[in-house]
Amino acid sequence: MSECLRARIRAGDPEAFAELYEEYARTVYNYAYRLTGDWSTAEEVMGDTFLDAWRGREQLDPDRGSLKPWLLGIATNKARNANRGTGRRLAFLARRPAVEPVADFAEETAGRIDDARRLAAVRRVFGRLRRTEREVLALCVWSGLGYPEAAQALGVPVGTVRSRLSRARARLRRLTDQQLADERAENATAHTEPQRRRGEQSDETAFAALPIQQITEASR
Amino acid sequence: MTATGSGPARARHESGGAVGARHDKAEYDELLRLLPPPPARDLAADRHSHHKDRLMQLIDQDQHTAPAPQHEPAPRRRLLRPALWMPLAATALAGTLAVTLTTHTGTGTADTPRGNTAVVLLEQVADVAAKSEATPVRDDQLVYVKSLTAAAEGRPDGSFEPGKPHQREVWMSQSAAPAKTVGLIHENGDYFPISELVPPGSKGVPAGIDRPTYNWLASLPTDPDVLLERLYALTEPADGQEEAQAVFDTIGELLAETVMPPRNAAALYRAAAKIPGVTRDADAVDSAGRHGFGIRRVDERASTATEWVFDREDLTYLGERSYLTEDGDAGAKGTVLEETAVLERAVVDAYRERPGSASGTE
């Protein structure tokens, strides 16, 4: 079916685009949200992605697998454009992770609160990664593309996807642990050691310079 | 043909098969643990239909007018600054300004008050630029720019921590042909290539408004009215952004990490003088602490100002900065969002080559 749809897309069959939209609008919308951190921007990106898909239909590779990498590649470009501009960039960095509605906090188990906190930490940390790292993470980890598909979406060699992911993983480990450590320190009633100020973590290079050991200890 | 299968739960499953090597699998699993998928959401039904209608209308329209797509869908690309993730200038969310929009057909300065000090200053800056020395650049060379730059980072409470100025070096490809790797950045101790993310099948981004090479800049009109008209045509404002702000920002980008013929630099300043809402700041400062005159435009909706700084004595370009113009959640009025001081511009023959260190014939 996918092969057939692909051929019809290339041929400019309007019905095929209607199907494409129905199948992938949600995927593109959520992917765009993960890159932009804003639902209304994500909606714009999603809408524009399909318009560009139509106009760029003849560049669709006639014989490859899923159409998803193609669409997410277009969406990546759109999201990059949407993220340009101080207002939006700042909004993205500043935005608190969306708080999921919780019926009753008292009934929350410690584990779930911990999960929610971890997710919030991840969201903040994600915003500190490099753009190229965020893109491969959003494609491979959150949108389920394989490495070759992500490479196809980004127009880079598979090796580049691998190296970006490895690098992102190393940075994520450091940043996530540090973020959690900071939050724990903040939430603790008594501090046994001087607390790091928030501002200190804004410089990534300062992060990278912290000995791993110190970070690990702080997070335990 | 439903969208229900594309959520994160299925995503995990799908990629399991595509991840080949054992090593990849271990890495993938760890990444998934470090980065749990954020909640997915459906678009509201009416919005979903709206965008589908838009698509179908476009298809309908294209099929009745132009049978074949003419150009690729690569979105407009601005000067890349991966480390900053955006151009220096504040581009988005420009709002309606309470100024009369000048026509962008270039018919004139009718809306620019005579004696406007910004216009006078820009004219002087343009005169200086016109008399500066020219270094023609070949397609196979690279433009090297060293700067001191800083960008604010968001704090979890929504406010901004101004960044610490640090050195940045870029080598920008001058090739006119489409390219996927268009430059190299050295920042925070790392070198990383400026790689364009282009749709599969695309050869990359050619020299142009998004990749302003010396020769492309040299090809621009030198009549300020004609140039301004061209810039309006080449600039695509972000949604809701005022065109004049977008064009002002575009000029700022063209002036930043580039080398161009004097006559073109002069024309850019004269074109900027014709943009409504541009004002003069008697005391502006760049990230290197150098004080001078500023040329500023305020984006009211985003409550930010973008300002170019010029040396008080010789009126040469020093740098650019943006800052908050009002107290708000993002921070106090005056908080610097981004700033750059250009320290050196040169033409070199190879990546990682610095002026003066060349083994070749510089």
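The values are calculated or read from the model by the stated rules, or taken from the named source; none is laboratory data. Every value quoted in this text rests on a predicted model; they were computed, and no experiment measured them. No Cβ is skipped: glycine too gets one built from the backbone with ideal geometry, and neighbour counts run over all protein chains shown.
Anything in the stretch B:334-353 that is over 21 Å from B:H291 (Cβ atoms) and assigned to a loop (DSSP other than H, G, I, E, B)? List them, or say none.
Scanning the stretch B:334-353 gives B:D349, B:A350, B:Y351, B:R352, B:E353.
Which residues, taken from the stretch B:34-64, are closer than 26 Å to A:W39 by Cβ and more than 7 Å from chain A (Cβ to nearest Cβ)?
Answer for the stretch B:34-64, where residues must be closer than 26 Å to A:W39 by Cβ and more than 7 Å from chain A (Cβ to nearest Cβ): B:A44, B:A45, B:D46, B:S49, B:H50, B:D53, B:Q57.
Residue under question is B:E320, and the condition is that it be on the phi < 0 side of the Ramachandran plot, out of contact with any helix residue (DSSP H, G or I) (no Cβ under 7 Å at 6 or more places or on another chain) and in contact (Cβ under 8 Å) with a residue 60 or more places away in the chain; does it hold?
no
Please identify the pairs in which a residue from the stretch A:130-144 that is at the interface with chain B (Cβ under 7 Å from one of its Cβ atoms) has its Cβ atom under 7 Å from the Cβ atom of a residue that is surrounded by fewer than 24 Cβ atoms within 10 Å (Cβ to Cβ) and of a type in the set (D, E), counting only partners at least 6 apart or on another chain.
A:G144/B:E14
Please report, ordered by residue number, the helices (runs of 4 or more DSSP H) entirely within the stretch A:16-96 with at least 2 residues that are at pLDDT 80 or above and more than 7 Å from every other protein chain (Cβ to nearest Cβ).
A:39-55, A:68-83
Read through the list (1) touching a helix residue (DSSP H, G or I) at 6+ places or on another chain (Cβ under 9 Å); (2) at pLDDT below 80, then give the number of the only condition that B:R114 fails.
So B:R114 meets the others, but not (1).
Kindly provide the set of residues from the stretch B:174-230 that are outside any strand (DSSP E or B), more than 11 Å from chain A (Cβ to nearest Cβ) and either in contact with an Asp or Glu (Cβ under 7 Å, 6 or more places away or on another chain) or at pLDDT below 80 (or both), ordered by number.
B:Q174, B:S175, B:A176, B:N215 - these are the residues of the stretch B:174-230 that are outside any strand (DSSP E or B), more than 11 Å from chain A (Cβ to nearest Cβ) and either in contact with an Asp or Glu (Cβ under 7 Å, 6 or more places away or on another chain) or at pLDDT below 80 (or both).
Output yes when any residue across the stretch B:152-170 is more than 14 Å from chain A (Cβ to nearest Cβ) and either surrounded by 19 or more Cβ atoms within 10 Å (Cβ to Cβ) or among the polar types (S, T, N, Q) (or both), and no when none is. Full working, then the answer.
Within the stretch B:152-170, the subset more than 14 Å from chain A (Cβ to nearest Cβ) is B:169-170.
Filter again for either surrounded by 19 or more Cβ atoms within 10 Å (Cβ to Cβ) or among the polar types (S, T, N, Q) (or both), leaving B:170.
Yes; the residues of the stretch B:152-170 include at least one that is more than 14 Å from chain A (Cβ to nearest Cβ) and either surrounded by 19 or more Cβ atoms within 10 Å (Cβ to Cβ) or among the polar types (S, T, N, Q) (or both).
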